[in-house]
Amino acid sequence: MTVSSLPVFIQNILNCVLICRNYKGDVDMSEIDHFFTLLMQQEEEGLLCPVMSHGNVHFLWIKHSNLYLVATTNKNSNASLVYSFLYKLVEVFTEYFKELEEESIQDNFVVVYELLDELMDFGFPQTTDSKILQEYITQQGNKLEVAKTKVPTTVTNAVSWRSEGIRYKKNEVFIDVIESINVLVNANGSVMSSDIVGSIKLKTMLSGMPELRLGLNDRMLFALTGRDKGKTVTMEDVKFHQCVRLSRFESDRTISFIPPDGESELMSYRINTHVKPLIWIESVIEKFSHSRVEIMVKAKGQFKKQSVANNVEIRVPVPSDADSPKFKTSTGHAKYVPEKNLVVWSIKSFPGGKELLMRAHFCLPSVENHETEGRPPITVKFEIPYFTVSGIQVRYMKIIEKSGYQALPWVRYITQSGDYQLRTNT
């Protein structure tokens, strides 16, 4: 699929274009001069939009660190594909330079231009895998010239994401099943919205060209095979790495693939279901006129007793004019972050079924100002290892390679907070 005209510009926050690449020449390169003016105008009006237009030219842009990555088009381009390409640029440049900022572009100008040439050709995305690009575009100029004489087999290979001749002394594959919980609870304690966003990540250390088959407790698979026993899950919005054979999955729900070497995300999914908040928060805020405010927060772990939530952070909003904080916690420690008007209660280890308490005392120079302030929700961050809230399970991982070696699959489950908010009524 073409990204249409799509000249790409990388410019700094001072409206200076650092580098650009015009793939088809359909858009006048001077059009970029209007981008920063439009951006400043929208920022002043508080109406910042990811797509801006000047005449018949549209600017699609993202900001990363101190850089703007801007694509321009005068056609009805596929916006989602354009943004996917811009974010892929950020990912590839970060893989190359560790940090993507103005200095890394200036210090690696030739490499950046080579990458822009390889990532897209005449409006068509090409090789976008940083591991493959690193085989023939290096940060040493002399190697760059030598590499041009021989194109890696991965570029022309049917399996472009994996090189041939990979060898390991010990063959292993590590599977991480990571689920993020998004929850919004209203001031009355009712769950307004909730869902689970999951991903399965691999770290493969396998020799040769192995064929892998992954089995999950997928409800549709069990229905197809007539085995509807035990807990199953219904996955929605499933997105796979390019290595997965989609036709096979669509026909019999088998996840079959030749994996990339090293780390990769095999798939992502969403489960639209009612989620019971794993860490429940109750708060009581007492205001004493013209003098002080006292906050009591109770946190309860609503997950299995044998599980433990790690690195818990409970962020409680406080009035903007609060000062002289005093804290008392049953576990962990609390600190005041005045620039964000927050109390951050940090708990290193939170066992399931436990109730923990934090009390905070603040002086209030002026209560009148606080009455007109909105109260942001309490937010919670956490991570629970060896546990998935959806109940998704890796049933098997088959590894087939023509040499017949034995390989060990390792599976790890992690549940963590996503957008996790609890509103208060005080």
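The values are calculated or read from the model by the stated rules, or taken from the named source; none is laboratory data. Since this is a predicted model, take the numbers as computed values, not measurements. When we count neighbours, we look across all protein chains shown, and the Cβ atoms used for this are built from the backbone with ideal geometry, even at glycine. Keep in mind that these areas ignore ligands, DNA and RNA; they rest on the heavy atoms of the full protein, side chains included. Shrake-Rupley method; radii C 1.70, N 1.55, O 1.52, S 1.80 Å.
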Only one of Ile392, Ile414 that is β-branched (Val, Ile, Thr) and part of a strand (DSSP E or B): Ile414
Read through the list (1) within 21 Å of Ser130 (Cα to Cα); (2) in contact with an Asp or Glu (Cβ under 9 Å, 6 or more places away or on another chain); (3) of a type in the set (A, V, I, L, M, F, W, C), then give the number of the only condition that Leu116 fails. (2)
Which is at pLDDT below 85, among the β-branched types (Val, Ile, Thr) and open to solvent by 10 Å² or more (accessible area, probe 1.4 Å), of Thr225, Thr254, Thr234, Thr273? Thr225
Do we find that Ser77 is within 28 Å of Pro260 (Cβ to Cβ) and either among the polar types (S, T, N, Q) or surrounded by 14 or more Cβ atoms within 10 Å (Cβ to Cβ) (or both) in this structure? no
Pairs where the first residue, in region 160-182, is free of Cβ contacts under 8 Å to residues at least 24 places away in the same chain and the second is open to solvent by less than 30 Å² (accessible area, probe 1.4 Å), C-beta under 7 Å, 6+ apart: none
Sort out which residues of region 172-195 are open to solvent by less than 40 Å² (accessible area, probe 1.4 Å) and either touching a helix residue (DSSP H, G or I) at 6+ places or on another chain (Cβ under 7 Å) or part of a loop (DSSP other than H, G, I, E, B) (or both), and write them in order of number. Asn186, Gly189
Filter region 55-69 down to residues that are more than 21 Å from the chain's Cα centre (by Cα) and part of a strand (DSSP E or B) and give me whichever is surrounded by the fewest Cβ atoms within 10 Å (Cβ to Cβ). Val57
Hey, does region 289-309 have a residue that's at pLDDT 90 or above, part of a loop (DSSP other than H, G, I, E, B), in contact with a strand residue (DSSP E or B) (Cβ under 8 Å, 6 or more places away or on another chain) and open to solvent by less than 40 Å² (accessible area, probe 1.4 Å)? yes
So is Leu81 touching a residue at least 40 places away in the same chain (Cβ under 8 Å), of a type in the set (A, V, I, L, M, F, W, C) and in contact with a Leu (Cβ under 7 Å, 6 or more places away or on another chain) or not? no
Here are Ser349, Ser324, Ser417: which of them is open to solvent by less than 30 Å² (accessible area, probe 1.4 Å) and of a type in the set (S, T, N, Q)? Ser417
